[in-house]
Amino acid sequence: MLWRLAMRNIWRNRRRTLLTLSAMIVSSALLILALGIFSGMLKDMLASATEQYFGHLVISARGYQDDHDMFAHFAADEQLQHILPQEQLLGYSPRLRSFGLLSHQHNSSPAELLGVLPEQEQTVTSLQEHLTVGEYLRPVDRDGAVIGSGLARRLGVVPGDQLVFVTQAADGSIGNDLLQVRGIFSTGDRGHDNGLVLVPRGWPQQLLVLPGG
């Protein structure tokens, strides 16, 4: 009885029924489209953060994330093997992080310097796959640098050019030294492209007067 009453009510006014059905179909399609776009954007954001910079896990000394204090560090080579479960570890890369002023001739720009071990860094991030010009860092590099495309454009440099990096060292002095551009990467992430520089880990270790440098 109820079924017959419902069907009679639905088909009593076919135009109203069709309009309601069309509205439901269109709104459902728009919702699915919006969810798909949002899901894709979220996936790209996560990929940008994990594959191009952070990896899936960041281990730092207590207090470092609060103010990026260069004294808050630990001997990664000696301690990581005891901290991380090796059977679940696909790769890790010890880093030294510094901020300062990068310049070339009359151009200058603030930059984030990331001191890495090139071979290990490639097991964590995919920046080597985003090179547009030049080459990635080699294990034998001492003063090579791979920089973002926006930063390279602002400084007006190409592979082979020299850069000057200036920052405050751990002993309070002003540290400055030369770098040679090895390659330029473009990730599509403006934050990385406009300010990130990868160098061999020993270079900032020596520049910042840190233990082991």
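A few notes on this one:
- Residue check, PHE165 of a type outside the set (A, V, I, L, M) and either surrounded by fewer than 16 Cβ atoms within 10 Å (Cβ to Cβ) or out of contact with any helix residue (DSSP H, G or I) (no Cβ under 7 Å at 6 or more places or on another chain) (or both): yes
- Residue within the range 156-167 that is in contact with a His (Cβ under 9 Å, 6 or more places away or on another chain), over 13 Å from LEU113 (Cα atoms), of a type in the set (Val, Ile, Thr) and not in a strand (DSSP E or B) present: yes
- VAL116 over 17 Å from the mean Cα position of the chain (by Cα), of a type in the set (A, V, I, L, M) and under 21 Å from LEU178 (Cβ atoms): no
- THR187, sole failed condition from (1) in a loop (DSSP other than H, G, I, E, B); (2) over 22 Å from the mean Cα position of the chain (by Cα): (2)
- Taken together, GLY172, GLY213 contain a single residue that is under 21 Å from PRO110 (Cβ atoms), over 21 Å from the mean Cα position of the chain (by Cα), at pLDDT below 90 and in a loop (DSSP other than H, G, I, E, B), which is GLY172.
- Looking across GLY183, GLY160, GLY195, GLY150, one residue alone is over 24 Å from PHE54 (Cβ atoms), at pLDDT 90 or above and assigned by TED's automatic domain parsing to the domain that holds ARG97. It is GLY160.
- Any pair with Cβ under 7 angstrom, 6 or more apart, that starts in the range 98-123 at a residue that is assigned by TED's automatic domain parsing to the domain that holds ARG153 and free of Cβ contacts under 8 Å to residues at least 60 places away in the same chain and ends at one that is part of a helix (DSSP H, G or I) and surrounded by fewer than 17 Cβ atoms within 10 Å (Cβ to Cβ): GLN122/GLN128
The values are calculated or read from the model by the stated rules, or taken from the named source; none is laboratory data. Just so you know, these numbers come straight off a predicted model, no measurement behind them. Quick reminder, even Gly has a Cβ in these numbers, built from the backbone with ideal geometry, and neighbours come from all protein chains shown.
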